[in-house]
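The values are calculated or read from the model by the stated rules, or taken from the named source; none is laboratory data. Worth saying up front: this structure is predicted, and the values here are computed from it rather than measured. We place every Cβ from the backbone using ideal geometry, glycine too, and count neighbours over all the protein chains shown.
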Amino acid sequence: NAGVTQTPKFQVLKTGQSMTLQCAQDMNHNSMYWYRQDPGMGLRLIYYSASEGTTDKGEVPNGYNVSRLNKREFSLRLESAAPSQTSVYFCASSDLSGGGDEQFFGPGTRLTVL
Amino acid sequence: QKEVEQNSGPLSVPEGAIASLNCTYSDRGSQSFFWYRQYSGKSPELIMFIYSNGDKEDGRFTAQLNKASQYVSLLIRDSQPSDSATYLCAVKAGRRALTFGSGTRLQVQP
């Protein structure tokens, strides 16, 4: 089992460029999440998908869009990147069917916007 | 007021000592509580979760929950240099997604 995988691992963009961050999980989890982590700020939720076919905004959704492509894959798109979106992005998944919410994280994407 | 608060540290303890990490939360409807460990440059990994008041032990780790005081803690016994990391507290209320604290950096001195 690979768990949660993310691509790319590193990316440098210029202001105004677009890109899509990819995430996939092989644990058959229903729920998937996108977070960003900035120094001293902890993890902040951007968007999440409680189940296939649904997406909801988190704490900091502005400037991002998401697609839950199928049960395995959840992508995050930056349409017009801004320097304020320089951050480390983590994807996570969890299985809520047991009543808990233990989330498993991918290795992260380190994004720099110049 | 932040929803989940942690002292940013660093918390420095000598090898073999007990490290005590604390977290307070503001939503009284919170039901599930999680501790994650994050090494520098790595992703968070789940250490423990606790749902009921009291203590929960797993090896060298003990999670403590006091819902009346809205307080959750993590004790690490016999601390090792390999425990040096940032520890993130996370809280879940109802159907909401997890809310994370900003983390406490722990340094275990050999």
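Before we move on, is B:Q64 surrounded by 12 or more Cβ atoms within 10 Å (Cβ to Cβ), of a type outside the set (D, E, K, R) and at pLDDT 95 or above? Let's see the steps before the verdict.
Details: surrounded by 12 or more Cβ atoms within 10 Å (Cβ to Cβ): yes; of a type outside the set (D, E, K, R): yes; at pLDDT 95 or above: yes.
Yes: the conditions hold for B:Q64.
Being small (G, A, S) and in a strand (DSSP E or B) is the requirement here; does B:S32 meet it?
When the stated conditions are applied, B:S32 passes them.
Over 21 Å from A:Q103 (Cβ atoms), modelled with pLDDT of 95 or more and crowded, with 18+ Cβ neighbours inside 10 Å: which single residue out of B:S12, B:S79 fits that description?
Details: B:S12 fails: crowded, with 18+ Cβ neighbours inside 10 Å.
Checking each option against the conditions leaves just B:S79.
In region B:48-84, which residues are within 14 Å of chain A (Cβ to nearest Cβ) and either outside any loop (DSSP other than H, G, I, E, B) or under 10 Å from the mean Cα position of the chain (by Cα) (or both)?
Within region B:48-84, the subset within 14 Å of chain A (Cβ to nearest Cβ) is B:48-52, B:56, B:58, B:63.
The answer is B:M48, B:F49, B:I50, B:K56, B:D58, B:A63.
Considering only region B:1-56, how many residues are on the phi < 0 side of the Ramachandran plot, without any contact (Cβ under 8 Å) to a residue 12 or more places away in the chain and not acidic (D, E)?
Within region B:1-56, residues that are on the phi < 0 side of the Ramachandran plot, without any contact (Cβ under 8 Å) to a residue 12 or more places away in the chain and not acidic (D, E) number 3.
In region B:13-51, what count of residues is obtained for those that are closer than 29 Å to A:G3 by Cβ and in contact with a strand residue (DSSP E or B) (Cβ under 8 Å, 6 or more places away or on another chain)?
At the first step, the residues of region B:13-51 found to be closer than 29 Å to A:G3 by Cβ are B:19, B:21, B:23, B:25, B:30-51.
Next, only the ones that are in contact with a strand residue (DSSP E or B) (Cβ under 8 Å, 6 or more places away or on another chain) stay: B:19, B:21, B:23, B:25, B:30-40, B:43-51.
Residues that pass the stated criteria total 24.
Starting from region A:1-28, keep only residues that are free of Cβ contacts under 8 Å to residues at least 60 places away in the same chain, then list their pairs with residues that are of a type in the set (V, I, T) whose Cβ atoms are within a distance under 7 Å, requiring at least 6 positions of separation or different chains.
Here the result reads A:Q22/A:T7; A:A24/A:T5, each pair linking region A:1-28 to a residue that is of a type in the set (V, I, T).
Since A:Y64 meets every condition but one in (1) among the hydroxyl-bearing types (S, T, Y); (2) within 13 Å of chain B (Cβ to nearest Cβ); (3) within 13 Å of A:T20 (Cβ to Cβ), which condition does it not meet?
All conditions are met except number (2).
Only residues that are of a type outside the set (G, A, S) and not in a strand (DSSP E or B): list them for region A:46-77, please.
Kept after step one, since they are of a type outside the set (G, A, S), are these residues of region A:46-77: A:46-48, A:52, A:54-57, A:59-62, A:64-66, A:68-74, A:76-77.
Passing the criteria: A:E52, A:T54, A:T55, A:E59, A:V60, A:P61, A:N62, A:L69, A:N70, A:K71, A:R72.
In this structure, is B:G103 surrounded by fewer than 16 Cβ atoms within 10 Å (Cβ to Cβ), of a type in the set (G, A, S) and under 27 Å from A:S87 (Cβ atoms)?
On the way: surrounded by fewer than 16 Cβ atoms within 10 Å (Cβ to Cβ): no; of a type in the set (G, A, S): yes; under 27 Å from A:S87 (Cβ atoms): yes.
Taking the combined requirement at face value, the residue does not satisfy it.
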